[in-house]
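Worksheet: the structure to be examined is printed underneath.
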There are 2 protein chains.
Amino acid sequence: MDTEKNMPSVAVIGLGLLGGSLGLALGRCGVKRIGWARRAETRETAAGIGAVDTAYPDPERALAEADTVVLALPIPVIIEFLPLCAKFCRPGAVVTDIGSIKAGIVSRAEEVFTSGDGPFFVGSHPMAGTEKSGLTAAFPELYDNADVFITPTKNAREDAVKRVEEMWRRLSCHTSRLDARSHDLLVARTSHALHVVASALSLDILGSGGEEEKLFRFRGCATGFKDTSRIASSSPRMWREIVESNQPAVLEALVGFEKELDRLKNLIAKGDFDGFEREFARGKALRDSWLEYKKMK
Amino acid sequence: MDTEKNMPSVAVIGLGLLGGSLGLALGRCGVKRIGWARRAETRETAAGIGAVDTAYPDPERALAEADTVVLALPIPVIIEFLPLCAKFCRPGAVVTDIGSIKAGIVSRAEEVFTSGDGPFFVGSHPMAGTEKSGLTAAFPELYDNADVFITPTKNAREDAVKRVEEMWRRLSCHTSRLDARSHDLLVARTSHALHVVASALSLDILGSGGEEEKLFRFRGCATGFKDTSRIASSSPRMWREIVESNQPAVLEALVGFEKELDRLKNLIAKGDFDGFEREFARGKALRDSWLEYKKMK
């Protein structure tokens, strides 16, 4: 498969943190980028900072001109856009997305992408992001070294799946294929539930008590709190949509976490500090081996 | 009070991350630093990297020569050192520490520091640290802009308390006085319980499941997990000692956090996503106002 031929142009639909960063990163690979965003101001800024080569005010035109389309939109809007993509994208085109859940998106895509000649839909979930939102927070390194989960649809041809994988690999990402249901269970634990935990920490530690107590709480929080709660500063709307789209898996993940926390709490309650130290050491070893695996520091 | 006269020399007892960083920071203020560490190799390294001006192999000599003494040791060792300080420090000297709990340290200090002419003991808890340990992890900016809680003892004169406050302020820290019991309750929530939560996250997310599942978990964790769990990579021994020294307050803090988490979980379980979004937005606003307060980003 000749990738140069197969990926001459990518349409980035939605130009927030993820879409904008994707445009900037694709620009460094010499890919032609067509962009779309609802607001004229965003389209102008995106063209101005070089996140896209061209931005169209109508999504149909962007879809029709591209060989690869990336829906970098909120989850409900991705789902809304799928029929439009099935209608306006070229027969050989491949449509993918960046959504944090996959089952709802893949099942809708399987309903609307029905032609054997394409366009095809292949889900993607790049494990990349920050607590910030919007194009002004975009930067080209966002996807560097990120893992990307690929969830093919029933009617997607193998070369379509490969084209999406190839796009992410060009951006120094590592791809793994996974079915949509397994994906959603997995990221409920590794990402979604974490946001609920971080939010609860922020609410509990900073939100309770009177004014004087609150001032001391503010003083008593340092870099440990800063990092542990960082993702509590993420977009409330986006996380509502993610949690809503993955409700049972998020609840299951929270129950699993509470069980583990209770186990540690019980060791402390019964004064088994040797046991607590052993468990803390095991948690440290796991995290340190993960940093090693990800080549992070 | 003439601070220059009152703080010509500081003894830093213990040269790990906190003691080493303190020595480096005091060096930038032109303070004469005497150091002590149990291991000869640590003393040599500390002198070599300029964390201290002189390092003595016997703590008695370091204590006898200094006007201000900082015990930068593990909690049980701080408590062990208090009688030695009361015996060997000069009459006008002030002894302080960097321990994460204060009640156990202050009550022991009140037993052994009994002379009306000093030495005096004044507890300190600088809200500074990283997940790393040891002198090799030390850096002079560790205390920049940190809050420091000051817990005076009954027999400490006001000028002794002021001398300790002045030392921290020279290092660009912000000091607040607090009684030891209130301090321990406060930091159980803002710091100690967080370490248990981070450890439970690491154990739950990375530790469960078979080998293949584990590999996917490793892939599914990204920067959100990295930051939320960072402090799980801290020293197991140190956190065991802190939790052991502040057991009832840590348990109470964990119960408070679990309550808040349950509240969010129940909103998700009953499908009240508007309510979840509102609470997430409140947690974000609290954290963002805290960043503003701390002038962090």
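Return yes or no: is A:E244 at the interface with another protein chain (Cβ under 8 Å from one of its Cβ atoms), in a helix (DSSP H, G or I) and either surrounded by fewer than 21 Cβ atoms within 10 Å (Cβ to Cβ) or among the β-branched types (V, I, T) (or both)? Explain how you work it out, then say what you get.
On the way: at the interface with another protein chain (Cβ under 8 Å from one of its Cβ atoms): yes; in a helix (DSSP H, G or I): yes; either surrounded by fewer than 21 Cβ atoms within 10 Å (Cβ to Cβ) or among the β-branched types (V, I, T) (or both): yes.
Spelling it out, A:E244 is indeed at the interface with another protein chain (Cβ under 8 Å from one of its Cβ atoms), in a helix (DSSP H, G or I) and either surrounded by fewer than 21 Cβ atoms within 10 Å (Cβ to Cβ) or among the β-branched types (V, I, T) (or both).
Among the residues of region A:78-92, is any surrounded by fewer than 16 Cβ atoms within 10 Å (Cβ to Cβ) and within 22 Å of A:L17 (Cα to Cα)?
yes
I need the full set of residues from region A:153-169 which are touching a helix residue (DSSP H, G or I) at 6+ places or on another chain (Cβ under 6 Å) and either closer than 23 Å to A:C29 by Cβ or outside the structural domain of A:V10 (by TED's automatic domain parsing) (or both), in order please. Please lay out each step first, then the result.
The initial filter retains those residues of region A:153-169 that are touching a helix residue (DSSP H, G or I) at 6+ places or on another chain (Cβ under 6 Å), namely A:153-154, A:163, A:166.
Correct list: A:R163, A:E166.
Pairs please, first residue from region B:240-251 and free of Cβ contacts under 8 Å to residues at least 24 places away in the same chain, second anywhere and assigned to a helix (DSSP H, G or I) and not β-branched (V, I, T), Cβ atoms under 7 Å, 6+ apart in sequence or on different chains.
B:R240/A:F273; B:R240/A:F276; B:R240/A:E277; B:R240/A:F280; B:E244/A:F273; B:L251/A:K265; B:L251/A:A269
If B:E165 satisfies all but one of (1) over 30 Å from A:S289 (Cβ atoms); (2) within 12 Å of chain A (Cβ to nearest Cβ); (3) surrounded by fewer than 23 Cβ atoms within 10 Å (Cβ to Cβ); (4) of a type outside the set (A, V, I, L, M), what's the number of the condition it fails?
(2)
Right, A:A128: within 25 Å of A:D184 (Cβ to Cβ) and either in the same structural domain as A:A11 (by TED's automatic domain parsing) or part of a helix (DSSP H, G or I) (or both) or not?
Spelling it out, A:A128 is indeed within 25 Å of A:D184 (Cβ to Cβ) and either in the same structural domain as A:A11 (by TED's automatic domain parsing) or part of a helix (DSSP H, G or I) (or both).
Across region B:23-66, what is the total count of residues that are under 26 Å from B:G118 (Cα atoms), in a helix (DSSP H, G or I) and among the aliphatic types (A, V, I, L, M)?
Total satisfying the criteria: 4.
Can you work out which of the residues in region B:174-205 that are more than 9 Å from chain A (Cβ to nearest Cβ) and among the acidic types (D, E) is most open to solvent (accessible area, probe 1.4 Å)?
Among those that are more than 9 Å from chain A (Cβ to nearest Cβ) and among the acidic types (D, E), it is B:D179.
Pick from B:A62, B:A51, B:A66, B:A72: which is assigned by TED's automatic domain parsing to the domain that holds B:F120 and under 24 Å from B:E158 (Cβ atoms)?
Of B:A62, B:A51, B:A66, B:A72, the one residue that is assigned by TED's automatic domain parsing to the domain that holds B:F120 and under 24 Å from B:E158 (Cβ atoms) is B:A66.
If you go through region B:206-234 one residue at a time, how many are open to solvent by 30 Å² or more (accessible area, probe 1.4 Å), farther than 26 Å from A:Y143 by Cβ and among the hydroxyl-bearing types (S, T, Y)?
Adding up the residues that qualify gives 1.
Looking only at region B:86-103, count every residue that is over 15 Å from the mean Cα position of the chain (by Cα) and not in a loop (DSSP other than H, G, I, E, B) and tell me the total.
Adding up the residues that qualify gives 5.
Could you tell me whether any residue of region B:274-289 is under 27 Å from the mean Cα position of the chain (by Cα), of a type in the set (G, A, S), more than 7 Å from every other protein chain (Cβ to nearest Cβ) and assigned to a helix (DSSP H, G or I)?
Yes: one or more hits.
Being out of contact with any strand residue (DSSP E or B) (no Cβ under 7 Å at 6 or more places or on another chain), within 14 Å of chain B (Cβ to nearest Cβ) and open to solvent by less than 70 Å² (accessible area, probe 1.4 Å) narrows it down to one of A:L142, A:L171, so name that one. Break it down into steps so the answer makes sense when it comes.
Details: A:L171 fails: within 14 Å of chain B (Cβ to nearest Cβ).
Only one candidate passes the filter, namely A:L142.
Please determine, by comparing only the residues of region A:252-266 that are within 8 Å of chain B (Cβ to nearest Cβ) and crowded, with 19+ Cβ neighbours inside 10 Å, which one is nearest to A:I75 (Cα to Cα).
Checked region A:252-266; the qualifying residue nearest to A:I75 (Cα to Cα) is A:L254.
As an exercise: evaluate B:A232 against (1) under 30 Å from B:R28 (Cβ atoms); (2) in contact with a Ser or Thr (Cβ under 7 Å, 6 or more places away or on another chain); (3) of a type in the set (A, V, I, L, M); (4) at the interface with another protein chain (Cβ under 8 Å from one of its Cβ atoms) and give the number of the one condition it does not meet.
That leaves (1) as the condition not met.
I'd like to check something: does region B:195-208 contain any residue that is in contact (Cβ under 8 Å) with a residue 40 or more places away in the chain and closer than 20 Å to B:I105 by Cβ?
Within region B:195-208 (the criterion being in contact (Cβ under 8 Å) with a residue 40 or more places away in the chain and closer than 20 Å to B:I105 by Cβ), the answer is yes, since at least one residue qualifies.
Show the residue pairs that are 6+ apart or on different chains and have beta-carbon atoms under 7 Å apart, the first residue being within region B:105-130 and within 14 Å of chain A (Cβ to nearest Cβ), the second being crowded, with 24+ Cβ neighbours inside 10 Å and at pLDDT below 95.
none
When you check A:R282 against the structure, is it within 18 Å of B:L286 (Cα to Cα), open to solvent by 20 Å² or more (accessible area, probe 1.4 Å) and at pLDDT 95 or above, yes or no?
no
Quick one: which of B:V77, B:V69 is part of a strand (DSSP E or B) and closer than 20 Å to B:P126 by Cα?
Sole residue among the options that is part of a strand (DSSP E or B) and closer than 20 Å to B:P126 by Cα: B:V69.
Pull up region A:220-257, narrow it to residues that are under 28 Å from B:L291 (Cβ atoms) and among the charged types (D, E, K, R), then point me to the one that is farthest from the chain's Cα centre (by Cα).
Once the filter is applied, the top-ranked residue is A:K226.
The values are calculated or read from the model by the stated rules, or taken from the named source; none is laboratory data. Just so it is clear, the structure is predicted and the values come from calculations on it, not from any experiment. Neighbour counts run over all protein chains shown; Cβ positions are idealised from the backbone, glycine included. What goes into the accessible areas is simple: the full protein's heavy atoms, side chains included, and nothing from ligands, DNA or RNA. Shrake-Rupley method; radii C 1.70, N 1.55, O 1.52, S 1.80 Å.
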